[in-house]
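Since the structure comes first, as structure tokens, the remarks are kept for the end.
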Amino acid sequence: MSNPLSQPDTQPAGSGDPPDEPQLHDLVPFVAGERIFAVFADQVEGTAEARIPTALPHAPPAVLGVVCMRGHMMTVLDPLAVLTGETFGWPASLPAVIALRGDEQLALAAESYRDTITIAAEDIQPSSQITDDGFESAVLGIARYGGEEITVLRVDKLFAAAVRRKERRRRRI
């Protein structure tokens with residue numbers, strides 16, 4: 001007798017598919033600085049080009065400001081600053097913005113975004129889930145696709161990582 005918890009949720013009952021089929025994920029890759037990032041496609045609300053963010057006073061460096069997309073005010077994050085603390089030299093008008101789903105109403109700044117790609121779950125090499133400072137990482141793992149290394153982000157940890165960088169910097173002063 002097989003354990004029903006070990007079966008993938010996406011497999012319909014009686015489909016006849018072998019349970020060892022690879023679990024596939026659709027990713028939306030985008031470029032920021034010299035790096036390629038990606039988020040799961042089901043976490044993307046939409047994309048837009050040429051948006052000018054309105055700066056927020058006293059915001060951490062990873063928060064570029066807010067933009068209006070599809071009738072919602074979205075907080076735009078710099079993915080490089082979220083991960084490294086080093087801001088990228090973004091122009092006044094962001095080349096591309098990727099709106100994310102969720103209650104936090106976040107978006108990611110990008111120089112460009114690419115067509116959706118599909119990869120197997122085992123092709124994402126998990127990274128450490130805890131950062132050097134003891135907090136959960138915003139990076140799920142690294143995927144290699146088309147000869148490129150893609151940093152797969154954890155959408156649910158992006159805002160906490162952006163704000164934490166500012167708090168950590170304050171404590172040192």
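Among all residues of region 14-26, there is none that is at pLDDT 90 or above, farther than 18 Å from Thr118 by Cα and under 19 Å from the mean Cα position of the chain (by Cα).
Counting the residues of region 66-81 that are surrounded by 17 or more Cβ atoms within 10 Å (Cβ to Cβ) and not hydrophobic (A, V, I, L, M, F, W, C) gives 3. Here the condition is being free of Cβ contacts under 8 Å to residues at least 60 places away in the same chain and either closer than 15 Å to Pro79 by Cβ or of a type in the set (Phe, Trp, Tyr) (or both); of Leu56, Leu64, it holds for Leu64 alone. There is no residue in region 65-75 that is charged (D, E, K, R), over 26 Å from Ala121 (Cβ atoms) and touching a Ser or Thr at 6+ places or on another chain (Cβ under 8 Å).
Of the residues making up region 82-99, those that are surrounded by fewer than 23 Cβ atoms within 10 Å (Cβ to Cβ) and in contact (Cβ under 8 Å) with a residue 40 or more places away in the chain number 8. The single condition among (1) modelled with pLDDT of 90 or more; (2) surrounded by 18 or more Cβ atoms within 10 Å (Cβ to Cβ); (3) not acidic (Asp, Glu) that Ile52 does not satisfy is (2).
The values are calculated or read from the model by the stated rules, or taken from the named source; none is laboratory data. Because the structure is a prediction, the values reported are computed rather than measured. All Cβ positions, glycine included, derive from the backbone under ideal geometry; neighbour counts span all protein chains shown.
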